[in-house]
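One structure is given here, and the rest of the page talks about it.
The values are calculated or read from the model by the stated rules, or taken from the named source; none is laboratory data. Given the structure is predicted, the values throughout are model-derived calculations rather than measurements. All Cβ positions, glycine included, derive from the backbone under ideal geometry; neighbour counts span all protein chains shown.
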């Protein structure tokens, strides 16, 4: 009947399957041009070939010709599938599906996929022509679609669902063009901390940082459980498929090479207060001199969030007096300070001395002209801090105070365990450490090597409402850290409760499983509607990553930690070479 | 005539209702088809058979009674149908001043197969045929090619014999479609593992042994008042015995039977769910009876519901879907009409497109 075709039917339409330049591709379907599924330069639908299928997150390519005679012959469209729908063609009523199943009504399933365009090459923003073939992008075409070809320094941030690497551009992490990562997700299922640790692992081990990797430092606060206290131990329960995933990512399935652990020193002794892990953990505390000289007092008032209160003023004045006292106390290498002629040897004494010097009723002058009520409030709060932070600020010299200072320079990864501390003490430690590291970086004058700070519960430390000294430091890091080489890897359950300026400065936004209502908040505008819907379904180990160069968020997965996250996972072996197997 | 009808109806009620029922007589009933398709029943009971065809004999299968075939596996069915459309009317002013009517028409013919749990429409050029014709009442007719996007529509010229008015051209187009349906049914009926059903009275010449014509719209009943009463009492899935219809010219001798497809409910006339089926008159009556039994088994399942088809129940569900698909294959009507107009534009002195296609 081919002869009839030209006589009576349509002349055959030439359909040349155009390969993506330089990449293998396989046919997937045709560009649709329906009134309700019109092709646009930013998104188009694909009628999926019946012999193939397209699924969410597939990367596709289509080439569409331009009218002849111009300088450009054709435009290449690259994109990511963000919706797939199936209908039965030939049915009109809902009940027709039963007729079709009974064999009474002929109908064919038709599958269409919507493609969010990521890249148009060259940048001529015409719609792709309906009827043009669409193919799955592999190899170089996929790299082009996701801009991996333009990333000169790329770090694997995970695997796409088909097992291909998803890269991120180092330049948007190291401060060259941007910095900071923000991770949102429900506790327990979103695996925020695991992903943050995976990112560190990828950064240290991918080789992208080059020789600088050895000097790159990171500071991590262990805020719950003991998840992060075994980062240097291989995970005995790591499955083979996870090892394969590490291999696909080009990363070793090994624990962190260089980790130092700090836990609060036990009361009355410099030994660390830890649970299941004892060896290799250093107890940390600060000396009274350091506390006074470095003006850490404010971090005992880290929850003072009322901007109208005069409390901040009193704190500042007392801080100044303490700093002065530290400068005047001799000898200069003693851990103690002298206030009002008395040598202060522990935190309780310090609180008492501050009380004497500040309370106007006792003849104190440190508070200046602050109202009596404000001074009382200040003293009340200071007094209340005694049982929680007293053991972290010490005046009795131990044999080696310097060994109990948290030194982030000692290893690539510094884990500070604060999960057993009271909330006030936690804030104090976090505030002091952030301030110290930021000032250290600031003073060093060089942004490299990088300092990465991993901090969960950003909503606590940089809440949307109010002010606090920690929030000030975090804002400083978010806004200036980029040029100083301080990279914040922040995480929180709900980004809507975090200071918007902290989140807005993050080049990378990551969402794990989100609460359905939370996912509708404006803070997640980086998610497409389809991605939002999926965010409430994500399984542990799956994240949605939005990065500056790729206009659509990508779904990715990452393997289970290659390091132990609990005592039971620590490989029970004495073989020192076990981790190299 | 009216009285005959009412009498027949009354007789039906007496047989159809259980003794003691006291439903008030309600002689007025609706005919289910949507009015724009006309009435499905266009004939009263046959009073006389003097218009070219007549019932010759009706006693192939014993006494005149309802027959319900024994339950059996449903055979595979293929149903051939077509759609046609006038794209545009035209007038050709010939060089000698005589005026000829022209018509751009399209038709498509296809088949839907129902086998087991699957109904599908084979989509190959052999069985899904789209045709374009330019018909003219006289003079010289040229083939017309219309460019539509990347494709071309080729309207082959024909001068239908005896056509004088636009209505004749429409009839000719219809005939072309019916011929194509018949050709397709003849080809497909070579496969005698499948029951082939073709739309309308049987017009085939060289058909296989398992072809049945399916008459949706009744213009004549062919059976006399003595037998007519049985039709209203048929239950769904029951058929009448065979009877023979012979045209006067002796050609196209058919064996026919009536079948109830569906019970439309009391607001509709009892004859509403009835169709006539025909097979070749040359078939041995026993084979024809077997075919009739198969149709009685298969077709009630395929009857359409009034909510999905304006010609329910006669326009079968799969056929409705086939017609939809064929119509879609004809292309967008308005758009083709504009392309035809555009194609004629450079020679606008020769052609004028009439204002409205029928």
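Return a yes/no flag: does segment B:227-242 have any residue that is under 17 Å from the mean Cα position of the chain (by Cα) and not in a strand (DSSP E or B).
We begin by selecting, within segment B:227-242, every residue under 17 Å from the mean Cα position of the chain (by Cα); these are none.
Among the residues of segment B:227-242, not one is under 17 Å from the mean Cα position of the chain (by Cα) and not in a strand (DSSP E or B), which makes the answer no.
Summed over segment B:153-179, the residues that are within 9 Å of chain A (Cβ to nearest Cβ) and without any contact (Cβ under 8 Å) to a residue 24 or more places away in the chain give a count of 1. When segment B:192-210 is filtered for residues that are assigned to a loop (DSSP other than H, G, I, E, B) and free of Cβ contacts under 8 Å to residues at least 60 places away in the same chain, the ones remaining, listed by number, are B:192, B:203, B:205, B:206, B:208. When you check residue A:223 against the structure, is it within 21 Å of the chain's Cα centre (by Cα) and within 22 Å of residue A:154 (Cβ to Cβ), yes or no? It is false that residue A:223 is within 21 Å of the chain's Cα centre (by Cα) and within 22 Å of residue A:154 (Cβ to Cβ). Within segment B:99-113, the set of residues being over 20 Å from residue B:186 (Cβ atoms) and within 11 Å of chain A (Cβ to nearest Cβ) comprises just one member, B:106. Only one of the numbered conditions (1) farther than 25 Å from residue B:74 by Cβ; (2) within 10 Å of another protein chain (Cβ to nearest Cβ) is not met by residue B:122, and that is (1). When residue B:144 is tested against (1) more than 23 Å from residue B:255 (Cα to Cα); (2) within 22 Å of the chain's Cα centre (by Cα); (3) crowded, with 17+ Cβ neighbours inside 10 Å, only condition (2) is not met. The set of residues from segment B:130-152 being touching a residue at least 12 places away in the same chain (Cβ under 8 Å) and at the interface with chain A (Cβ under 7 Å from one of its Cβ atoms) comprises B:130, B:131, B:132. Among the residues of segment B:246-266, the ones that are modelled with pLDDT under 85 and at negative phi come to 7 in all. Considering (1) within 14 Å of chain A (Cβ to nearest Cβ); (2) touching a residue at least 60 places away in the same chain (Cβ under 8 Å); (3) crowded, with 22+ Cβ neighbours inside 10 Å, the lone condition that residue B:300 does not fulfil carries the number (3).
Would you confirm whether or not segment A:44-60 contains a residue that is assigned to a loop (DSSP other than H, G, I, E, B) and in contact with a helix residue (DSSP H, G or I) (Cβ under 8 Å, 6 or more places away or on another chain)? Yes, because at least one residue in segment A:44-60 is assigned to a loop (DSSP other than H, G, I, E, B) and in contact with a helix residue (DSSP H, G or I) (Cβ under 8 Å, 6 or more places away or on another chain).
Evaluate the following for residue B:261: is it surrounded by 23 or more Cβ atoms within 10 Å (Cβ to Cβ), under 16 Å from residue B:213 (Cα atoms) and within 14 Å of chain A (Cβ to nearest Cβ)? Please lay out each step first, then the result.
Working: surrounded by 23 or more Cβ atoms within 10 Å (Cβ to Cβ): yes; under 16 Å from residue B:213 (Cα atoms): yes; within 14 Å of chain A (Cβ to nearest Cβ): yes.
Yes, satisfied.
Can you tell me which residue within segment A:89-104, out of those that are within 11 Å of another protein chain (Cβ to nearest Cβ) and within 24 Å of residue A:37 (Cβ to Cβ), is modelled with the lowest pLDDT? By that ranking, first place goes to A:90.
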